[in-house]
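Take a look at the structure below.
The values are calculated or read from the model by the stated rules, or taken from the named source; none is laboratory data. Remember, it's a predicted structure, so these values are computed and weren't measured experimentally. Cβ coordinates were reconstructed from backbone atoms using ideal geometry, including for glycine residues, and neighbour counts include every protein chain displayed.
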Amino acid sequence: MAAEQKKYGKVLRIAPDAITIFDPETLMRINSARSSYDKAIWYESARIDYRGNSVITEVNTTKHDKRKAKLAPAFAGKNLALLETKVDKWLAALVDSIRSKIAKGEETMNIGVLIQYFQVDLISELSIGQPWGDLKEDKDHFGYMKMTEDIIPNIQSYGLLPAFRVIFTSPWFMKLFGPKTTDTDGVGLFMRILQDEVESRFKDNSGKPKEDWDILGEWMNNGVPANECQLDLSLLVPAGSETSVMMIRGTLLLLMSSPVAYWKLKQEIKGAIAAGHISNPMTNEESKNLEYTQAVLREGMRMMVPINFGFPKKVPDSGDTICGKFIPGGTDVYVNFHSLMRSEEVFGSDAETFRPERFLGNDPNVAYMSKVVDLVFGGGRFMCLGKAVANMEINKIFVEVRNRPHPNSNNYPLNGQFGLLFRNFDFQIATPEKPWRREAYSTYLVRDFLARVTEDTTMG
Ligand code: HEM
């Protein structure tokens, strides 16, 4: 749709009652605190459980806001430090996995899958205190990845076809043909694992996680009822996995195919280590001072935006004027994130080029471009709940982490003292003529992303 959007401009009609836009100012206005836009019914296509909505699929604004207010504290304040220890732990596990593959002579590895295993383990541990265990066993437990490969294209197709959406997301249809907790694999099994955990925790009413802290425990302490905990957990794993994974994999590919940026990034990390500016493990705050690294991350997020298209809001009954055109009340306004992040008006005539340098300096335009990139997380009442976690892991993953066995975690990960990503490894595209296979839906699916990874002992 990028070509059509470029041809027809910022407002493109895609159905009798739907438009797609890529104007940042309109998006900021829709997301603002005073906005009277509601979520469009499209969101319901992301329902996976016939028993009810999760916070993301709840389109009733009052209900959504009330629910979100109880979920949000788990991702903020003092909990951020706890989230950071989990991020460190799983980054270390990712490094261990890469290192053990190299030790076995498997320098060419499916780095795309490893990053996905890392993310699923991280989010499942954050959510219910138990990692899926994918990295440890180098295995897609419960067929989760297969499940996302099936679900993402399906959601996209019936999400955009109102008649199908009504049928496929209706409780009776989902109850008859949708996933069930009695299933032995896929979404149903995934729902049962979450259900069992929620039931056992509510049974003794402790809210206590198996390890020291998790999101479910926080929600229970915040008075979120059992059925909502379960419905929101079943959304959290996919919402928290498919998004960050796309950005991380994408930025890695951009770096591997851009030697100048790749070496500048490594030199900045090396200089910061030599100057004693980053500790082990590097803190989130320290990462924010690495100017070039931050520019790479912003440029990576821009060019490999994890959400491609969707998340429509409904124009209020009185209608609205968007980019000079009157749009009647009730119209669905979809966001074309791809076109937005490649907008020449915002990012310059080389918007299609990976050039982190555009984000260097204190020029007001740099601040504006960064604000536009930030729109990938939504905004205002629609803001992504996991934004702080996502930014934290993205800030750390390309730089460094140290292995730190977690108490009560069967001493996993435990190999080695230090695990450092860009600091200790060099990455090379394994199949340069076709580095990966990527399909664009509302989010992306990436297959066959192979890299040759070697130890870099020169960094110190
Ligand atoms: C780079 C990574 C990520 C991106 C780009 C991203 C983007 C988004 C977007 C665009 C939305 C919808 C906003 C709207 O409705 O307009 C959203 C919602 C949400 N995200 Fe994220 N997300 C990311 C990572 C995460 C992570 C790591 C988690 C969980 C740990 C998470 C949890 C959620 C939740 C729970 C919602 C629903 C919020 C609501 O309904 O109000 N996300 N995200």
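Taking the listed residues F168, F190, the one that is of a type in the set (F, W, Y), within 16 Å of the ligand (Cβ to nearest atom), under 27 Å from F311 (Cα atoms) and buried (at least 19 other Cβ atoms within 10 Å of the Cβ) is F190, with no other qualifying. If the condition is being more than 13 Å from the ligand (Cβ to nearest atom) and either of a type outside the set (A, V, I, L, M) or crowded, with 24+ Cβ neighbours inside 10 Å (or both), then segment 226-251 contributes N227, Q230. Against the test of being crowded, with 20+ Cβ neighbours inside 10 Å, under 30 Å from W90 (Cα atoms) and touching a strand residue (DSSP E or B) at 6+ places or on another chain (Cβ under 9 Å), the options M304, M341 yield a single qualifying residue, M304.
Every residue, every condition in (1) within 16 Å of the ligand (Cβ to nearest atom); (2) among the aliphatic types (A, V, I, L, M), yes or no:
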{"position": "V120", "(1), (2)": "yes, yes"}
{"position": "I152", "(1), (2)": "yes, yes"}
{"position": "L161", "(1), (2)": "no, yes"}
{"position": "M174", "(1), (2)": "no, yes"}
{"position": "G186", "(1), (2)": "no, no"}
{"position": "D212", "(1), (2)": "no, no"}
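For segment 323-354, the set of residues classified as touching a residue at least 60 places away in the same chain (Cβ under 8 Å) and in contact with an Asp or Glu (Cβ under 7 Å, 6 or more places away or on another chain) consists of C323, I327, G330, T331, D332, R342, F354, listed by residue number. Taken as a whole, the structure leaves M145 outside the set of residues that are more than 16 Å from the ligand (Cβ to nearest atom) and within 26 Å of K66 (Cβ to Cβ). Could you list, in sequence order, all residues of segment 75-98 that are among the aliphatic types (A, V, I, L, M) and crowded, with 18+ Cβ neighbours inside 10 Å? Listed by number, the residues that qualify are L83, V87, L91, A92, A93, L94, V95, I98.
Which one of K66, K39, K78 is more than 23 Å from T243 (Cβ to Cβ), within 12 Å of the ligand (Cβ to nearest atom) and either over 21 Å from the mean Cα position of the chain (by Cα) or basic (K, R) (or both)?
Result of the check over K66, K39, K78: K66.
Looking only at segment 368-390, filter to residues that are more than 8 Å from the ligand (Cβ to nearest atom) and modelled with pLDDT under 95; which one of those is nearest to A74 (Cα to Cα)? Within segment 368-390, the match that is nearest to A74 (Cα to Cα) is A388. Of the residues examined, E58 is not one that is buried (at least 22 other Cβ atoms within 10 Å of the Cβ), of a type in the set (D, E, K, R), on the phi < 0 side of the Ramachandran plot and within 18 Å of the chain's Cα centre (by Cα).
Residue-by-condition table, conditions (1) free of Cβ contacts under 8 Å to residues at least 12 places away in the same chain; (2) among the basic types (K, R); (3) under 30 Å from D426 (Cα atoms):
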| site | (1), (2), (3) |
| --- | --- |
| K39 | no, yes, no |
| E44 | no, no, no |
| K68 | no, yes, no |
| A74 | no, no, no |
| G77 | yes, no, no |
| L80 | no, no, no |
| S100 | no, no, yes |
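The single condition among (1) touching an Asp or Glu at 6+ places or on another chain (Cβ under 9 Å); (2) buried (at least 19 other Cβ atoms within 10 Å of the Cβ); (3) over 30 Å from G223 (Cβ atoms) that K101 does not satisfy is (2). As for segment 298-320, it holds at least one residue that is closer than 28 Å to L83 by Cβ and either in contact with a Cys (Cβ under 7 Å, 6 or more places away or on another chain) or acidic (D, E) (or both).
Residues of segment 85-138 that are of a type in the set (K, R) and part of a helix (DSSP H, G or I): K86, K89, R99, K101, K136.
Taking helices (runs of 4 or more DSSP H) as the structural unit, those lying wholly within segment 263-381 and holding at least 1 residues that are closer than 30 Å to I14 by Cα correspond to 291-303, 337-341, 344-347, 364-374.
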